[in-house]
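The values are calculated or read from the model by the stated rules, or taken from the named source; none is laboratory data. Model, not experiment: these values are computed from the prediction. Neighbour counts are summed over all protein chains in view; Cβ atoms, including those assigned to glycine, are modelled from backbone coordinates with ideal geometry.
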Amino acid sequence: MRLATRIAIWAAVLLPLLLLGTSALLLGLVTHDLRNEQDGKLRDRAQAALPDVRTLLDADQQGRTRVEQNQHRKVLDAAMDVGVLVENANGTQLTAGGPLPDAAALPAPRTGTLGPLTVQSGGRAYRVLARQVAGADPGTLWVATPVSATDAQIGAIRGRIVLVTLLAAPLSGLLAFGLARRATAPLSRLGRRAAALDPRAGAAGFGHQRSGIGEVDELAAALSSALARYDDQVARTAQALETARSFSAAASHELRTPLMGLQTNLDVLAAHPDLPAADRDEIITDLRTDHRRLLDLLTALRTLARGDLVEEEAFGALDLAEPVTAAAAELRRRRPELTVLLAVPEGGGGAPGGLAGGAAGTPAGAGTAVRVHGWEAGLRIVCDNLLANAAVHGGSPGRITVTLTRAAGEAVLTVDDEGPGIPEAERAAVFDRFHRRPDSPGSGLGLTLVAQQVALHRGTVAVATAPNGRGCRFEVRLPLVTPEAPTLPLPARRDWIGARGEALAEH
């Protein structure tokens with residue numbers, strides 16, 4: 001059932017009920033007013049007849065029959081259209097006329113005025129009023145009128161109420177239906193526009209124009225918001241599917257060579273069970289190397305895919321010194337032969353205001369925590385891979401210097417090594433997927449992960465020569481959290497696992 005029809009039905013039902021309720025109240029008030037008017041008439045008639053009644057009682061006391069007869073007519077004339085009864089002090093009726101209840105139904109009079117009150121007599125109700133008459137011969141004056149005297153007026157009012165109610169039911173329904181159709185027209189148009197919406201157009205194709213009706217505009221805004229969220233989820237789903245396809249393709253392509261090497265070595269071992277120990281050890285070493293490379297490659301691909309699919313909810317304000325310090329501590333634990341020098345601002349996670357890891361140094365400078373809007377796991381990926389790259393290519397003896405500072409509203413992280421460095425012509429390619437030096441034991445994805453995470457954090461990464469003139473420096477710059485920019489949006493497109501990606505990096 002349409003909303004306009006529902007409103008019309010409810011109006012056709014509720015309005016007559018409301019009208020009947022108010023009419024009942026009105027009828028009660030009218031009845032009360034008519035009763036008061038009737039009582040007022042009794043008082044007026046009693047007051048008008050009172051002098052003649054007093055004369056009548058005096059004539060009865062003195063035995064003047066002619067005067068009594070004349071006063072009898074005067075009392076009835078003064079009473080006009082109400083019943084009148086006059087009794088002397090002994091209870092003897094001196095005169096009676098008009099509509100009266102039985103004398104037995106009348107209450108015993110008291111001194112002064114009695115009533116008006118209602119008495120029942122002969123199946124009818126009467127309003128009666130008693131007045132005590134003082135004088136030489138006291139007596140009682142009764143005036144009465146039937147309660148039904150007002151029934152005609154009340155019946156006429158009741159009939160008009162019923163007639164108005166019968167007319168109001170269909171008229172209110174039709175009027176409510178017309179008004180409801182007009183009021184719900186914008187809602188109907190909104191429904192037709194939503195039904196005709198092309199699913200491929202999404203929120204952009206909805207195009208609602210304000211109707212001036214708050215509820216309709218609120219519903220349209222809710223639909224637009226739902227469509228926008230739907231578009232976002234569709235895009236994220238498509239991106240997830242593309243990431244899965246890219247992961248499968250990349251894994252299939254990159255795993256082919258180590259898997260073939262494993263197969264070849266296993267075939268050799270199976271075909272030649274009597275190989276010399278030296279040859280067997282060499283093959284087993286190759287197997288272990290290929291196995292480690294497989295694990296590293298799968299782990300790097302999984303981490304790259306994780307970065308492509310991370311949600312904005314994972315980001316928050318954090319101190320960059322914490323993942324930097326944790327990564328340095330982990331590298332010292334795994335490679336104790338390396339010298340790792342760490343400098344972070346005071347209040348960070350490392351040695352306060354100085355260098356740690358085998359050598360003392362000058363203070364890195366006081367300051368507050370280096371807070372960025374970031375994903376903790378992603379920043380740890382950046383630190384781990386930069387330090388791992390420096391450990392592999394930093395030359396011997398290994399010496400790595402890690403510095404975290406603040407400059408011009410940015411957090412600046414530098415990692416310096418003392419290796420052969422990277423020629424300037426090759427620096428742009430080190431962040432490409434599967435880019436490896438011939439002697440590199442890695443998967444070729446470590447620096448790609450660094451570029452991906454720096455791009456996600458709206459930062460830059462650059463490669464340069466270390467300050468001492470030899471070795472390599474990686475410099476990462478990330479925007480600091482400020483009251484004006486507490487959060488940063490993620491890049492719209494993330495396809496690092498399927499392609500090189502749209503990195504925001506300086507090479």
Pairs please, first residue from region 163-185 and in contact (Cβ under 8 Å) with a residue 60 or more places away in the chain, second anywhere and of a type outside the set (A, V, I, L, M, F, W, C) and surrounded by fewer than 16 Cβ atoms within 10 Å (Cβ to Cβ), Cβ atoms under 9 Å, 6+ apart in sequence or on different chains. Phe177/Thr5; Ala180/Arg2; Ala180/Thr5; Ala180/Arg6; Arg181/Arg2; Arg181/Ser188; Thr184/Arg2
Being modelled with pLDDT under 85, part of a helix (DSSP H, G or I) and touching a helix residue (DSSP H, G or I) at 6+ places or on another chain (Cβ under 8 Å) is true for just one of Ala300, Ala326. Which residue is that? Ala300
Considering only residues of region 78-93 that are outside any strand (DSSP E or B) and touching a residue at least 12 places away in the same chain (Cβ under 8 Å), which is farthest from Arg127 (Cα to Cα)? Ala89
Which of the residues belonging to region 396-409 are farther than 22 Å from Leu338 by Cβ and surrounded by 17 or more Cβ atoms within 10 Å (Cβ to Cβ)? Arg406
Can you confirm whether Leu266 is surrounded by 12 or more Cβ atoms within 10 Å (Cβ to Cβ), outside any helix (DSSP H, G or I) and modelled with pLDDT of 85 or more? no
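Residue-wise test of (1) modelled with pLDDT under 85; (2) surrounded by fewer than 21 Cβ atoms within 10 Å (Cβ to Cβ).
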{"position": "Ala89", "(1), (2)": "yes, yes"}
{"position": "Thr95", "(1), (2)": "yes, no"}
{"position": "Gly122", "(1), (2)": "yes, yes"}
{"position": "Arg131", "(1), (2)": "no, no"}
{"position": "Pro138", "(1), (2)": "yes, yes"}
Residue count for region 410-434, restricted to those that are crowded, with 20+ Cβ neighbours inside 10 Å, β-branched (Val, Ile, Thr) and part of a strand (DSSP E or B): 2
Suppose we filter Ala96, Ala108 for residues that are more than 25 Å from Gly159 (Cβ to Cβ), without any contact (Cβ under 8 Å) to a residue 24 or more places away in the chain and touching a Leu at 6+ places or on another chain (Cβ under 6 Å); which single one remains? Ala96
If I filter region 477-491 for residues that are more than 37 Å from the chain's Cα centre (by Cα), closer than 25 Å to Val310 by Cα and modelled with pLDDT of 85 or more, do I get at least one hit? yes
Tell me whether region 134-157 contains one or more residues that are touching a Ser or Thr at 6+ places or on another chain (Cβ under 8 Å) and under 25 Å from Gln62 (Cβ atoms). no
